[in-house]
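The values are calculated or read from the model by the stated rules, or taken from the named source; none is laboratory data. All figures in this text were calculated on a predicted structure; none of them were measured in a lab. Methodologically, a virtual Cβ is constructed for each residue, glycine included, from the backbone with ideal geometry; neighbour enumeration extends over all protein chains shown. We work out accessible area using only protein heavy atoms, side chains counted, and drop any ligands, DNA or RNA first. Shrake-Rupley method; radii C 1.70, N 1.55, O 1.52, S 1.80 Å.
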Amino acid sequence: MNKFRVALAAAALTFTTATASLAQTAPLKIGYTSVEYVLSQMPESKQIESQLKDYSTQLKNQLDTKYTEYQTKGEAFQKGAATMPDPVRADKQKELQNLQQSIQEFQQNAEASLQQKQQALLKPALDKLQKNIDAVAEENGYTYILNSDGASPVLLHGPKEGDVSDLILKKMGITPGAATAAPKVTTPAAPTPAAVPTATKTKTKSKK
């Protein structure tokens, strides 16, 4: 996963309804917000990004250790394979195959683990955002508030006065500023392990 976008927030915050009594007594009023923009302005954003970076670094270090072990043992095998008895050679090849598989499995698990970590870190911020969206909707008479993020935005057009992003930020005591990038996550990556080396027997020419 190369680029982190708040796609998980888009589904949860596609729209927020105000109270039922408000919908019944007031005219329909629709507002919209960019969840990604609001999250990027929240102080929690930098902390989340820092924690994700630290966690990603830990995973990458573990992956690098595994790859170094594989590389070292692979080089040793290539140098000594010709003089190894067949059972020893087969055992070493099996060990290298297991290490290669372990590296691939670790990389897959690291990606899933990183996604779970970011979801856990984002949840309190998303809960806080939802609470303030509800408050802004009620205080300003919005029946619905739509999320304008996503590859296929819910909102395709709307007047500037309908954008309640800054109202939500102010509700949280945050001074709106220029849009900044949302927290990004980089999946740990290591060089693709080379194929397990195989030993080749040297043919000797028979003397005529």
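Taking the stated definitions as given, is Pro124 part of a helix (DSSP H, G or I), open to solvent by 60 Å² or more (accessible area, probe 1.4 Å) and in contact (Cβ under 8 Å) with a residue 12 or more places away in the chain? Write out each step before concluding.
Numbers: part of a helix (DSSP H, G or I): yes; open to solvent by 60 Å² or more (accessible area, probe 1.4 Å): yes; in contact (Cβ under 8 Å) with a residue 12 or more places away in the chain: yes.
Yes: the conditions hold for Pro124.
I want to confirm something. Restricting to segment 63-121 and keeping residues that are touching a Leu at 6+ places or on another chain (Cβ under 7 Å) and of a type in the set (Phe, Trp, Tyr), which single residue is most open to solvent (accessible area, probe 1.4 Å)?
Phe106
Which residue is farthest from the chain's Cα centre (by Cα), if the candidates are limited to segment 30-62 and must be open to solvent by 40 Å² or more (accessible area, probe 1.4 Å) and among the aromatic types (Phe, Trp, Tyr)?
Within segment 30-62, the match that is farthest from the chain's Cα centre (by Cα) is Tyr37.
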